[in-house]
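The values are calculated or read from the model by the stated rules, or taken from the named source; none is laboratory data. Everything numeric here is computed off the predicted structure, so don't read it as measured data. Reconstructed Cβ throughout: ideal geometry from the backbone, glycine too, with neighbour counts over all protein chains shown. For the accessible areas, the whole protein counts, side chains as well, though only heavy atoms, and no ligand, DNA or RNA atoms are used. Shrake-Rupley method; radii C 1.70, N 1.55, O 1.52, S 1.80 Å.
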Amino acid sequence: MSYTIDTLFDDLPGANGFHGKDILKVAQFSRDELTYIMALGERMREVVESSGGLDLLKHRLMAALFYEPSTRTSASFIAAMERLGGSVIPITQGVQFSSVSKGETLGDTVRTLAQYADAIVLRHPEIGSAAEAAHYAPVPVLNAGDGAGEHPTQALLDLFTIQQELGQIDGLTVAMVGDLRFGRTVHSLTQLLLNYDVGFRFVSPEILRMPLAIANQVRDHGAEMRETYDVHEVIEEADVLYVTRVQKERFSDLAQYEEVKGYYIVDPELLTKAKEKMVVMHPLPRVGEILEAVDDDPRAAYFRQVRNGLYIRMALLAAVLR
Ligand code: NCD
């Protein structure tokens, strides 16, 4: 079945609590809203596969303001907006070409962009920057990563990927591996998964453990959870192996980075111990944590995960702007 602008939103399960809202952190989502976004994401997949897109957001504009490097997040937001018939003001080529380099504050920059655009997608190196931008901007702000804080739209596409790949979320054991301290994607995904009945395995070297606040949140929630530094301890029981890059740019001491950077390497040998039906995920970019020899394994889902980012960001922009 092919959807039209008139039928796209018909009979969706869950609830759209997003209209006109900022997307800042995963704690803002109810399970009902997650159901809604994933169902809409599924429809976006059908739309893209059948006709490439839909003129739902014609004449709408999205500003993409990226103060940190990005490939997937910026490209998928831009692709999502354009596949919905909208357009983009891209400030992604290094803000050195914008007035930020003249010393303009974040507040003034977003207030300016809001005069032209209907939504602002922001990536920024500081925790809390998205909330600060939302304070100033009269249009919705979508957090595309605030330093080591959160990356809520990535968590939504990760959730969607788990659902698509394994057909369920409840009852799974999710192992997160690598830089759990600075990795904003695992911060967001962990908190998002607390909406479901999921067991957690946090695998990291001591200095890259999951922040206490998040580990405590998991504990207080009553979710099953174990921490270890040894990936072999969890590989057999994991339904999801979520691998992350050590976030070099967040280290103040590069010698410390050198010590932990090659700590985990997922190779075909490790996967011989894993379940036949499981998924290997990674937000990408990878810098050696998953060998290319793993890419042809049917369980390697990271490029399908990238594709899902397009559908979920289409769903989010539609939910926020329509
Ligand atoms: C991640 C990020 O920027 O937080 N990438 C992404 O958005 N897909 C992960 C990373 O940079 O390691």
| note | Counting Lys and Arg as +1 and Asp and Glu as -1 over every other residue whose Cβ sits under 13 Å from the Cβ of I91, the net charge comes to -1
| request: For H19, tell me the accessible area in Å² from a 1.4 Å probe, rounded to the nearest 10. | output: 110 Å²
| task | Return the FRET efficiency for the residue pair E233, E292: r is the Cβ-Cβ distance, R0 is 41 Å, and the value is rounded to the nearest 0.05. | result | 0.95
| request: Rounded to the nearest Å, what's the spacing between the alpha carbon centres of region 217-290 and region 154-216? Just the number, please. | output: 10 Å
| query | Of all accessible surface on the chain at a 1.4 Å probe, what whole percent is carbon and sulfur? | reply | 48 percent
| query | So what are the radius of gyration and Dmax for the Cα set of region 152-306, in Å? | reply | 14.3, 42
| field | Computed log₁₀ I(q)/I(0) - Debye formula, equal Cα scatterers, no solvent, region 99-195, q 0.13, 0.17, 0.21 Å⁻¹ | value | -0.55, -0.79, -1.01
| note | Restricting to Cα pairs under 8 Å and 6 or more apart, the percent relative contact order of the chain works out to 19 percent
| note | Heavy-atom accessible area of H232, protein chains in place, probe 1.4 angstrom, given in Å² to nearest 10, is 100 Å²
| field | Candidate residues D118, D296: accessible-area rank, largest first, probe 1.4 Å | value | D296, D118
| the chain: mean projected area of Cα convex hull, nm² | 16.2 nm²
| Any idea how far apart M225 and I5 come out in nm if each label point goes 7 Å out from Cα toward Cβ? | 4.6 nm
| note | TM-like helix rule applied to the chain (DSSP H, alpha carbon span at least 24 Å on the long axis, mean Kyte-Doolittle at least 0.5) gives 302-321
| task | Count the net charge of all other residues whose Cβ sits under 10 Å from the Cβ of G183, scoring Lys and Arg as +1 and Asp and Glu as -1. | result | +3
| said: Given the whole protein assembly as supplied and a 1.4 Å probe, what does the accessible area of F182 come to in Å², nearest 10? | reply: 30 Å²
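Accessible area per residue for the chain in Å², computed with a 1.4 Å probe and the full protein assembly in place, what is it?
For the chain, the solvent-accessible area averages 42 Å² per residue.
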